[in-house]
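Chemist: After the structure tokens below, expect a handful of questions from me.
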Amino acid sequence: MLVKTSVKLAIFLLVIPSLLGVSFGYSLVNYLEIPDVKQLETYKPKSATRLYSDDGTLFAELFVEKRIPIPLTEIPVHVRNAFIAIEDVRFYKHFGVDIRGIARALYRNIIRKGISEGASTITQQLARNLFLTSKKSIKRKIEEAILAIQIERTYSKDEILNMYLNLIYLGEGAHGVEAASYTYFHKKTKELTVEEAATLAALTKSPSRLSPFKNQQRTLERRNLVIKKMYEAGFIDRNTYTNALKTPIVLAPLRTYEKKTGYFTEYVKQVLEEHLEGSQEIYTKGLNIKTTINLEMTKYAYEAIEKGIQAYKSRHPSSTTTPEVALIAIEVKTGDIKVLIGGKDFSLSPFNRAVQAKRQPGSAFKPIIYLAALEMGLSPNYTLLDAPITIVNPYTKVPWSPKNYRNEYYGTVTMRKALELSLNTATVRLLEKIGVEKAIEMAKRLHLTSKFEPNLSLALGTTEVLPIELAAAYATFARGGVYIHPVSIKNITSNEGEEIFNEVYETERVVSEEAAYNLVDIMKGVIKSGTAKGASKMPYSLAGKTGTTDDFKDAWFVGFSPHLLCLVWVGYDKGTYLGNKESGATAALPIWMEFMSRALPFYPNEDFNMPDNSTKIKENIKIKERGDRDNDG
């Protein structure tokens, strides 16, 4: 039956050229509903969007089909010949259907009593991939042959070959030779050697089964067959042939960036939807996107997180799970996001805690209250009472008695000392002094979008916030009171090089330079002698604030130099208890220190600029020995 089918098909294909010149041919075309091949003139294949880091390294691709279209002029002759040799050696001699090839395949199939060899030309493969299904049938073969002949009548051989080489699937999600070149060799097609070109051509038969990442020996055998075919066709000389056979397959290492940059990539996708009219364009238009991510810093961040997790396990050896960690690093001067990590492992949990999870900031919210007080005219040496306090809700009549960490109280203290030691009762009294509405107004000016309830518990950071928004607010402190929305995309160009988007920094002064500087000066004391004094030995000018919820469910540290800010959050998704004394200073600060000690050398080692009209007030407060211990509320 198979032999008879092959004979009938061969006879039919032998007479197609003559049939197409008469009315019967046109009737047949209409009966088979053959599409108009001139559609190829406007056909634009879906192309992958490429994301580049701040140093121009390609680290991720967004695609429905991973494809990077290139003109034939950028495809070397030996690359073209590798595909021609293995797929259609008579490509430049036939009219779309290779009668000689059909006859040869027919003969071999008769001898072997089955269909063991096909005779589809490159043009037929193009027709099938563009217009037809992959279902095997006589009808499809007829349609494929007719379309191939029509394509050959409409387009030149080079145009057909170019379309084919940009369309063909070559495994690992790569469509077309350019995408495959990047995937397997991290090269442009024009940089491929003969043996590398042969490796790509070898994948056409079975891209998945022959993937060199999965079975390199099988790929090698098929590659050597391609090289042999190239030699037999006269495409390469004997010396090139011999040397190519001896050359092992050397693949570029599998990219590991995707796992490490997954959270940042997902965030970029969200931002792209704001810049592009249709979200589908992100995956199909072949855009080139220059982002702000620094891959080296991201590597440092993951290593710091791993150390922090291991330290947590050593403190809680009986714990069966470990908390999640979010880490954000923002360049102060520009607002560029250098690192954005939303969890321990993107492949296991893609939920992006850095930009999606609202959590209580605890004492990390206090600087906003102090900034509001400074702007109202209170100075860093304004005194507050740090002592037990009970407040009765006027509506519910329920008393509320906030406590300091470890129940330690200092009596009369300055604003500076109250923030350095994160004193809860002193901060509640400060909030009462300036008014809750002033603190909420300041939070909104700093672009915190949470719904803040107008009560004094704000002093303890009870309203949940997004980490990315809190990081941007702290960057505003470091920037002297100027807010810049966090930036992840610098530039977008089309595959043709046309500029679609170019980042223009928009700055907004939200608080006076003097108030911001005085707050930073106080926060420098948090590191020098306060709750984050563990970082005091770092040889940089640093400021920051620890944060711990009173139930030990969230641990934070947000700190910055004049050039780089880093936020670290540690906690469980379900708000599980982290453990006794798992404060910001214990759980988050060590991760911050590990990361910043490696990231800060990227920038000049400078102090914060003092504004000309600053009324900075220095205080020489002798902190008792008990105050030298971690004291984070």
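Chemist: With a cut-off of at least 1 residues that are closer than 17 Å to Arg67 by Cα, name the helices (runs of 4 or more DSSP H) lying wholly within the range 158-253.
Modeler: Because the criterion is at least 1 residues that are closer than 17 Å to Arg67 by Cα, the helices (runs of 4 or more DSSP H) in the range 158-253 that meet it are 177-185, 194-202.
Chemist: Considering only residues that are in contact with a Phe, Trp or Tyr (Cβ under 8 Å, 6 or more places away or on another chain) and among the hydrophobic types (A, V, I, L, M, F, W, C), which ones fall in the range 394-417?
Modeler: The answer is Met415, and nothing else.
To keep it simple, each residue is scored yes or no on (1) crowded, with 24+ Cβ neighbours inside 10 Å; (2) more than 30 Å from the chain's Cα centre (by Cα).
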{"position": "Arg445", "(1), (2)": "no, no"}
{"position": "Leu458", "(1), (2)": "no, yes"}
{"position": "Thr476", "(1), (2)": "yes, no"}
{"position": "Gly544", "(1), (2)": "yes, no"}
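Chemist: Which one is farthest from Arg416 (Cα to Cα), of the residues in the range 548-584 that are among the β-branched types (Val, Ile, Thr) and part of a loop (DSSP other than H, G, I, E, B)? Steps first, please.
Modeler: If we filter the range 548-584 for residues that are among the β-branched types (Val, Ile, Thr), which is where we start, we get 548-549, 558, 568, 570, 576.
Checking which are part of a loop (DSSP other than H, G, I, E, B) leaves us with 549, 576.
Numbers: Thr549: 21, Thr576: 33 Å.
Among residues in the range 548-584 that are among the β-branched types (Val, Ile, Thr) and part of a loop (DSSP other than H, G, I, E, B), the one farthest from Arg416 (Cα to Cα) is Thr576.
Chemist: Could you list all residues from the range 196-214 that are of a type outside the set (S, T, N, Q) and more than 15 Å from Val77 (Cβ to Cβ)?
Modeler: Ala202, Leu203, Lys205, Pro207, Arg209, Leu210, Pro212, Phe213, Lys214
Chemist: So which of Glu453, Glu441, Glu464 is surrounded by fewer than 17 Cβ atoms within 10 Å (Cβ to Cβ), under 39 Å from the mean Cα position of the chain (by Cα) and closer than 19 Å to Leu374 by Cα?
Modeler: Glu441
Chemist: Continuing with the same structure: Could you tell me how many of the residues in the range 262-319 are among the small types (Gly, Ala, Ser), over 24 Å from Leu565 (Cβ atoms) and crowded, with 16+ Cβ neighbours inside 10 Å?
Modeler: 1
Chemist: Quick one: in the range 77-98, of everything that is charged (D, E, K, R) and out of contact with any helix residue (DSSP H, G or I) (no Cβ under 8 Å at 6 or more places or on another chain), which residue is surrounded by the fewest Cβ atoms within 10 Å (Cβ to Cβ)?
Modeler: My answer is Lys93.
Chemist: Here's something else I'd like to know. Any idea which residue in the range 402-430 is nearest to the chain's Cα centre (by Cα), counting only those that are surrounded by 11 or more Cβ atoms within 10 Å (Cβ to Cβ) and polar (S, T, N, Q)?
Modeler: Ser422
Chemist: Kindly establish whether Asp54 is over 29 Å from Phe235 (Cα atoms), out of contact with any Leu (no Cβ under 7 Å at 6 or more places or on another chain) and either at pLDDT 75 or above or surrounded by 14 or more Cβ atoms within 10 Å (Cβ to Cβ) (or both). Quick ask: steps written out before the conclusion?
Modeler: On the way: over 29 Å from Phe235 (Cα atoms): yes; out of contact with any Leu (no Cβ under 7 Å at 6 or more places or on another chain): yes; either at pLDDT 75 or above or surrounded by 14 or more Cβ atoms within 10 Å (Cβ to Cβ) (or both): yes.
So Asp54 fits the description; yes.
Chemist: Taking only the range 373-401 into account, find how many residues are assigned to a strand (DSSP E or B) and under 45 Å from the mean Cα position of the chain (by Cα).
Modeler: 1
The values are calculated or read from the model by the stated rules, or taken from the named source; none is laboratory data. As the structure is a prediction and not an experimental result, all values here were calculated from the model. Backbone-built Cβ (ideal geometry, glycine too); neighbour counts: all protein chains shown.
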